[in-house]
Structures are given as C-alpha cells and as structure tokens.
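Since the structure comes first, as structure tokens, the remarks are kept for the end.
The values are calculated or read from the model by the stated rules, or taken from the named source; none is laboratory data. Just so it is clear, the model here is predicted, and its values are computed rather than measured. Cβ placement follows ideal geometry from the backbone for every residue including glycine, while neighbour counts extend to all protein chains displayed.
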Amino acid sequence: MTRTLISTLATLMGLAALAASGAAQARVNVDIGIGVPAYVAAPPPAPVYYEPAPVYVAPRPVIVQPRPVVVAPGYYEDWREQRWREQRWREREWRREQRWREREWHRWHGDD
C-alpha cells in the first residue's frame, strides 16, 4: 500500500513538473503578416432619409432704456471726510468689542 501511494505521488509530481515546464519558458514572439484585403461584392447601402432640423426664429430683443443718473449736489464733495468718519467709527467699534471680550474672558476665568 505504501509503495502504491509513493508511486502515485511520484507520478503526479512528474506530471505537474511537465505541465509547469511548458509555462515556465518565457519568450517573445514577433509576427509579421502581409495581408491583402479581399474584394467584397455587395450592393451599396440604401439611402437614409431624415427630417430636417426645425427652423428657429429668435424673438425680438427687448430694449430697455436706462433711467438717467441724477447726482445730488454735495454728495461727492465730502467723500474723504466720509471715509475718515467711517474708519474712526470702525476703530471705536473694534476697541469696544475688544474691551468686552477681555472683560468676559476675565469674568469666566476668575480673574476679576
């Protein structure tokens, strides 16, 4: 029995080695083919008829005349001072907010 088992295993291993040896041969194939196209005698295809694209007519453009621009006198005369006032206001608001944040921080962190 042992002898039969050993011979069967040896046979299987030999067949596996033979099968693997064919796949283990790595090579590169270069094929060159010169082909001549064959003549095919077929009737020409039937013409295809389709509906033409619809005609699009653009609507007339809408022309809206803008209203005239009216500038009140004195509005642009003092624009630098207006900007200066806005800048000072922003700085005052920023400082007020910073003071409030500092007070709140000290209040919540027990540094009264």
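To keep it simple, each residue is scored yes or no on (1) of a type in the set (D, E, K, R); (2) surrounded by fewer than 10 Cβ atoms within 10 Å (Cβ to Cβ); (3) modelled with pLDDT of 85 or more; (4) in contact with a Lys or Arg (Cβ under 7 Å, 6 or more places away or on another chain).
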{"position": "Pro44", "(1), (2), (3), (4)": "no, yes, no, no"}
{"position": "Val55", "(1), (2), (3), (4)": "no, yes, yes, no"}
{"position": "Arg60", "(1), (2), (3), (4)": "yes, yes, yes, no"}
{"position": "Val64", "(1), (2), (3), (4)": "no, yes, yes, no"}
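Every condition in (1) modelled with pLDDT under 85; (2) surrounded by 10 or more Cβ atoms within 10 Å (Cβ to Cβ) is met by His106 except one, and the failing one is (1).
Summed over region 1-18, residues that are at pLDDT below 75 and either surrounded by 10 or more Cβ atoms within 10 Å (Cβ to Cβ) or assigned to a loop (DSSP other than H, G, I, E, B) (or both) total 2.
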